[in-house]
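The values are calculated or read from the model by the stated rules, or taken from the named source; none is laboratory data. Just so it is clear, the structure is predicted and the values come from calculations on it, not from any experiment. Here the Cβ is made from the backbone with ideal geometry for all residues, glycine too, and neighbour counts use every protein chain on show. Quick note on the areas: whole protein, heavy atoms, side chains included, nothing else; ligands and nucleic acids left out. Shrake-Rupley method; radii C 1.70, N 1.55, O 1.52, S 1.80 Å.
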Amino acid sequence: MNSLARQSAPQTEPRRRLILASDRRDQSADLARILAGVAEVQIVSTAELPEAPSRDLSGIVVDINLRSADSVQRVKQRLLGGGYQPFPRLFVLADELHHGSMQAWALGATDTIARPFDSRDLLARIRAAFPDASEITADARAEAMSQGIAAAHGVLVKMFDRLPAGKPLTYQDVLRAEGPILKAIRRSSLREWLAAVGRHHNESYRLALFATGYAVAFAQHLGMREEDQRRLTRAALLFDVGKAFVDVALLDNVDALQGERLRKFREHPRLGYDALASEGSFPRETLDVVLHHHELLDGSGYPDALHGDQISDIVRITTIVDIFTSQVAQRKNHIPLMPLRAFCQMEEMGDKIDQRLLQAFRPVAMGG
């Protein structure tokens, strides 16, 4: 109890107002005490969950037995009914098993955290996930979106305009952009992100911004830890850096390239890898994504014809996001596909891509 008291927020910290929806009061008591360090907490059962939350609510924490059909049904009726859609919704999972996370997202989660958790980690997650109620306004969401797009745009300017001219892009440039991008999509939605960046006049920028939005939304949908969300954000921003060194005429006709022109286009992963590797600060994982995002599980990809376990999870995710984005985004000499058609085409790729991850991507693809 004393250690928790030391974790309490100072009096100057803005107070949040949270609802803790719990049908497991015995286990939620410790959770409530931790939350009280940064918020005013109202504990209710799922049967008592208000249909229309008050406007000063900061968010809702859901701590229920996901195996209880009654609890799940009551939460589903409330959270998917519309009244709670503007508010962050953190689900507490009994463990980190994939099926529990997926069920939470299907019930309307915007973030998840699994037991056992450290009180300091939980408090940090609460501060990040639940802004003070006074901040949850349309203007605040718009400002977060503007800052997120500006941060991503700043990286892309350095990547596509300055890097080919010999001006370096550093790892710190990318790290500074992560937080605003994650905040933008967490505070608003993937749909709003896509609508905002879809108006960008530069095609390379637009495709990179689309891919970043889908990747971040996918990471949040999977309930990834904050650091893993950041890793995927970096990957999505950077994986096509090699296109900065490719003739625009090739980029404008990607779908029709053959022979020598196709070979020249397929040099872009290596060109991007070499540019970032020579800078010296980018980690191996990031370089792996840049070099191998066109590799396929059956060995038919490029540039190294990797297959199976030679391809890391983060590369597999990036590949799915890249293929989907290239199909649904507006680009020259390409008629964009509807999301469902693009997704079905990817299913038809069979063992070339990770079909398990593709199915997990379905709600994100259809919801964007």
If you take the beta carbon distance between GLN85 and LEU337 as r and set R0 to 25 Å, what does 1/(1 + (r/R0)^6) give as a FRET efficiency, to the nearest 0.05? 0.35
Pick out, in residue order, every one of the trypsin sites (Lys or Arg not before Pro) in the stretch 192-300 that is DSSP loop and has at most 12 other C-beta atoms within 10 Å; say none if there are none. ARG199
Give me the percent of accessible area attributable to carbon and sulfur for the stretch 16-129, probe 1.4 angstrom. 48 percent
What FRET efficiency, computed as 1/(1 + (r/R0)^6) with R0 = 45 Å and r the Cβ-Cβ distance, is obtained for ALA47 and GLU192, rounded to the nearest 0.05? 0.85
What order, most packed first, do the peptides 335-344, 215-224, 354-363 have when packing is the mean number of other Cβ atoms within 10 Å of each residue? 215-224, 354-363, 335-344
Rounded to the angstrom and largest first, Cα extents along the principal axes for the stretch 144-230 equal 38, 28, 19
Quick check: residue separation of ASP70 and GLU143 times 0.36 nm, minus the Cα distance between them. What number comes out in nm? 22.4 nm
When the C-alpha atoms of the stretch 156-284 are aligned to their principal axes, what extent does each axis show, in angstrom, from largest down? 44, 33, 24
Helical contribution to [θ] at 222 nm, DSSP H n ≥ 4, -39,500 (n - 2.57), averaged over the chain, rounded to 500: -16000 deg cm²/dmol
Partner lysines whose C-alpha sits under 28 Å from that of LYS76, ignoring same-chain residues fewer than 8 away, are LYS183
Quick one: which of 59-68, 314-323 comes out on top by average Cβ neighbours within 10 Å, and what's the full order, highest first? 314-323, 59-68
Stokes-Einstein D for the chain (25 °C, 0.890 mPa s, Kirkwood Rh from Cα pairs), in µm²/s, comes to 112 µm²/s
How many nm is it between the label spots at THR170 and ALA305, if each spot is 7 Å from the Cα in line with the beta carbon? 4.1 nm
Which of the lysines could a cross-linker bridge to LYS264, judged by Cα under 30 Å and excluding same-chain residues fewer than eight apart? LYS158, LYS167, LYS243, LYS332, LYS352
Histogram of C-alpha separations across the stretch 291-364, 5 Å bin width, %: 3, 16, 28, 23, 17, 10, 2, 0
Could you give the size of the charge dipole of the stretch 16-129 about its Cα centre, using +1 on the Cβ of each K and R and -1 on the Cβ of each D and E, expressed in debye and rounded to the nearest 20? 220 debye
Leaving out ligands, DNA and RNA, what percent of the accessible area of the stretch 138-366 is carbon and sulfur, probe 1.4 Å? 52 percent
Under a point-charge model restricted to the Cβ atoms of Lys and Arg (+1) and Asp and Glu (-1), what is the dipole moment magnitude of the chain relative to its Cα centre, in debye to the nearest 20? 720 debye
Full-extension gain in nm, GLU267 to ASP298, via 0.36 nm per residue minus C-alpha separation: 9.1 nm
